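K.L.:
My questions will all concern the structure given below.
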Amino acid sequence: MLATTLGRTGIWTGALRTTEPADHGAIRDAAAEVDELGYGALWLGGSPSPDQAAFLLEATSRTTVATGILSIWDHEAAYVAERHAALDAAHGGRFLLGLGVSHGHMVKQYARPYTAMREYLDGLDAAPTPVPASRRVLAALGPKMLGLSRDRAAGAHPYLVTPEFTAEAREILGTGPLLAPDLKVVLEPDLDRARATARAYLSHYLPMPNYTNNLLRLGFTEDDFRDGGSDHLVSSVFALGDAEAIRRRVDEYLAAGADHLAVQVVTDNPLSDIPLAEWRTLAGALPLGQGG
């Protein structure tokens, strides 16, 4: 079962996605350390390519490497299926394909995202080397995409969500499919500083209707989106504080129905920092294995 393979917590990061050879050594070492620390999954953010995932698969031996997420607009389905089959076979079934529709302001051809995802899955199924439903998850926020995650994939990998959303998503998915939300973490005991760091990062997402529409469905208001996000919004979609506080927050999501949390450590420079110190600290505080 996929949830057993992934364990309870993994790492989500965009900082290990690079095409610059000068960065390869640091990225390889960081991925190897995530593997050694015992995290069940390494989610590569920033709309990565299969080749960028391949680099992390080569650097690890146990951890599942997942795309979080690969944009369906960036790569043809047949190509992705071919690369997934090769990489999954070469690395012991450790490549999980996370797929998403991205955002309208980032994709020129963006249109009818639900239909586009359904047709992309058709393409993966029809490829000479199909991607099994058990080896793919979908970025899903709305009920229709969650239903597609349940019916045509192994489950859902929602982003920027709350425990309340997690409980609702579990009801839609049912008991079998994987539910693996991202959880943004600021490991900082000074809560004023933690909120400032969180708010600076959150401000990048608040212009994106896919996220704000979902938050509005959850009961937040337009006022919550002003000035980088209200305290209420920040505390609802982040975990803030020391390692014990982060553990309590992770437990809330797991109790709400998550099988696995993709923990994203947010720093002042989250797209470039490789937060090894934070990953080490959290490995000693968070449940890593199934039922941990």
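The values are calculated or read from the model by the stated rules, or taken from the named source; none is laboratory data. Keep in mind that what you see is a predicted model, and the values were worked out from it rather than measured. So basically every Cβ, Gly included, is an ideal-geometry build from the backbone, and we count neighbours across all protein chains shown. Side chains included, ligands, DNA and RNA excluded: accessible areas come from the protein's heavy atoms. Shrake-Rupley method; radii C 1.70, N 1.55, O 1.52, S 1.80 Å.
K.L.:
Being among the small types (Gly, Ala, Ser) and more than 18 Å from residue 66 (Cα to Cα) is the filter here; which residues of region 136-150 pass it?
P.N.:
Quick first cut of region 136-150, residues among the small types (Gly, Ala, Ser) only: 139-140, 142, 147, 149.
Result: 142, 147.
K.L.:
Against the definition (of a type outside the set (S, T, N, Q), crowded, with 18+ Cβ neighbours inside 10 Å and in a helix (DSSP H, G or I)), how does residue 170 come out, yes or no?
P.N.:
On the way: of a type outside the set (S, T, N, Q): yes; crowded, with 18+ Cβ neighbours inside 10 Å: yes; in a helix (DSSP H, G or I): yes.
The answer is yes for residue 170.
K.L.:
Considering only residues that are buried (at least 16 other Cβ atoms within 10 Å of the Cβ) and either among the acidic types (Asp, Glu) or closer than 18 Å to residue 158 by Cβ (or both), which ones fall in region 179-197?
P.N.:
Correct list: 179, 180, 181, 182, 183, 184, 185, 188.
K.L.:
Ok, one more. Would you check if there is a residue in region 148-165 being closer than 15 Å to residue 257 by Cβ, in contact with a strand residue (DSSP E or B) (Cβ under 9 Å, 6 or more places away or on another chain) and among the aliphatic types (A, V, I, L, M)?
P.N.:
First pass over region 148-165, keeping only residues closer than 15 Å to residue 257 by Cβ: 149-150, 155-158, 161-165.
Now narrow it down to the ones that are in contact with a strand residue (DSSP E or B) (Cβ under 9 Å, 6 or more places away or on another chain): 149-150, 155-158, 161.
Those still in the list that are among the aliphatic types (A, V, I, L, M) too: 156, 161.
Within region 148-165, one or more residues are closer than 15 Å to residue 257 by Cβ, in contact with a strand residue (DSSP E or B) (Cβ under 9 Å, 6 or more places away or on another chain) and among the aliphatic types (A, V, I, L, M).
K.L.:
Could you please find all residues in region 202-214 being open to solvent by 10 Å² or more (accessible area, probe 1.4 Å) and of a type outside the set (A, V, I, L, M)?
P.N.:
203, 204, 205, 207, 209, 210, 211, 212, 213
K.L.:
So the check is Cβ under 9 Å with 6+ separation or different chains; which pairs have a first residue in region 1-23 that's under 13 Å from residue 96 (Cα atoms) and a second one that's open to solvent by 20 Å² or more (accessible area, probe 1.4 Å) and part of a helix (DSSP H, G or I)?
P.N.:
2/134; 2/135
K.L.:
Answer with yes or no whether residue 124 is open to solvent by less than 10 Å² (accessible area, probe 1.4 Å) and not small (Gly, Ala, Ser).
P.N.:
Details: open to solvent by less than 10 Å² (accessible area, probe 1.4 Å): yes; not small (Gly, Ala, Ser): yes.
Here the answer is yes, as residue 124 does meet what is asked.
K.L.:
Among the numbered conditions (1) closer than 18 Å to residue 2 by Cα; (2) at pLDDT below 95, tell me where residue 105 comes up short.
P.N.:
Failed condition: (1).
K.L.:
From the list 226, 280, exactly one residue is among the basic types (Lys, Arg), within 26 Å of residue 3 (Cα to Cα) and either open to solvent by 60 Å² or more (accessible area, probe 1.4 Å) or in contact with a Gly (Cβ under 7 Å, 6 or more places away or on another chain) (or both). Which is it? Show your work before the answer.
P.N.:
Working: 226 fails: within 26 Å of residue 3 (Cα to Cα).
Testing whether each residue is among the basic types (Lys, Arg), within 26 Å of residue 3 (Cα to Cα) and either open to solvent by 60 Å² or more (accessible area, probe 1.4 Å) or in contact with a Gly (Cβ under 7 Å, 6 or more places away or on another chain) (or both) leaves just 280.
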